[in-house]
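Note sheet for the following structure.
The values are calculated or read from the model by the stated rules, or taken from the named source; none is laboratory data. Here the structure is a predicted model, which means the values were calculated and not measured. Every residue, glycine as well, gets a Cβ built from its backbone with ideal geometry; the counts of neighbours run over all protein chains shown. Protein only, heavy atoms only, side chains kept; ligands, DNA and RNA dropped before computing areas. Shrake-Rupley method; radii C 1.70, N 1.55, O 1.52, S 1.80 Å.
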Amino acid sequence: IGNNWAGFDIIFSPGDFSGDGKPDVLARNSATTDLQLYKGNGAGGFQAGTGGVIGNNWSGFSAIFSPGDFSGDGRPDVLARNSATTDLQLYKGNGAGGFQTGTGSVISNNWSGFNIIF
């Protein structure tokens, strides 16, 4: 469904992040550390013209993943572990392929004891 994904160091699906009813994929570009959105087409591929940046400089995170709607507002969210503090931070999705203003708050401390979080 896609070629040359070697340029990404983290790839995951938050479900329908863009709000169009089709599952999407988020990926962190290992060179720029930007978070990019690939909108699913609902037929096992991606919509043309997707892969746009939805967040800049995510280099400070050792883990980035989505449990789906973590905040309970009906929109998929993203969780990230801060590399320096090992705290877990919540980035609330806005239901339209981006994040709500003022997100990124710490929701739990000291996640250093976990090798993998998903």
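Quick check on my filter: what residues within region 12-52 are over 15 Å from Asp77 (Cα atoms) and within 11 Å of the chain's Cα centre (by Cα)?
Arg28, Asp34, Tyr38
More than 16 Å from Asn3 (Cα to Cα), open to solvent by 40 Å² or more (accessible area, probe 1.4 Å) and modelled with pLDDT of 95 or more: does that describe Phe70?
When the stated conditions are applied, Phe70 passes them.
Restricting attention to region 94-111, which residues are in a loop (DSSP other than H, G, I, E, B) and among the hydrophobic types (A, V, I, L, M, F, W, C)?
Selection gives Ala96, Trp111.
Among (1) part of a loop (DSSP other than H, G, I, E, B); (2) open to solvent by less than 40 Å² (accessible area, probe 1.4 Å), there is one condition Gln36 misses while meeting the rest; what is its number?
Single failed check for Gln36: (1).
In the set Gly55, Gly93, Gly60, which member is of a type outside the set (Val, Ile, Thr), within 19 Å of Phe8 (Cβ to Cβ) and within 10 Å of the chain's Cα centre (by Cα)?
Gly55
What residue, among those in region 75-93 that are in a loop (DSSP other than H, G, I, E, B) and within 16 Å of Gly55 (Cβ to Cβ), is least open to solvent (accessible area, probe 1.4 Å)?
Looking at residues that are in a loop (DSSP other than H, G, I, E, B) and within 16 Å of Gly55 (Cβ to Cβ), I get Pro76.
Within region 95-105, which residues are touching a Ser or Thr at 6+ places or on another chain (Cβ under 8 Å) and either surrounded by fewer than 14 Cβ atoms within 10 Å (Cβ to Cβ) or more than 30 Å from Thr50 (Cβ to Cβ) (or both)?
Correct list: Ala96 only.
Pick from Gly42, Gly55, Gly7, Gly19: which is open to solvent by 60 Å² or more (accessible area, probe 1.4 Å) and of a type outside the set (S, T, N, Q)?
Among Gly42, Gly55, Gly7, Gly19, only Gly42 is open to solvent by 60 Å² or more (accessible area, probe 1.4 Å) and of a type outside the set (S, T, N, Q).
Among the residues in region 57-66, are any assigned to a loop (DSSP other than H, G, I, E, B), under 24 Å from Gly2 (Cβ atoms) and among the aromatic types (Phe, Trp, Tyr)?
Yes: one or more hits.
Conditions: (1) in contact (Cβ under 8 Å) with a residue 24 or more places away in the chain; (2) small (Gly, Ala, Ser); (3) touching a strand residue (DSSP E or B) at 6+ places or on another chain (Cβ under 7 Å); (4) open to solvent by 30 Å² or more (accessible area, probe 1.4 Å). Ser112 meets all but one. Number of the miss?
(3)
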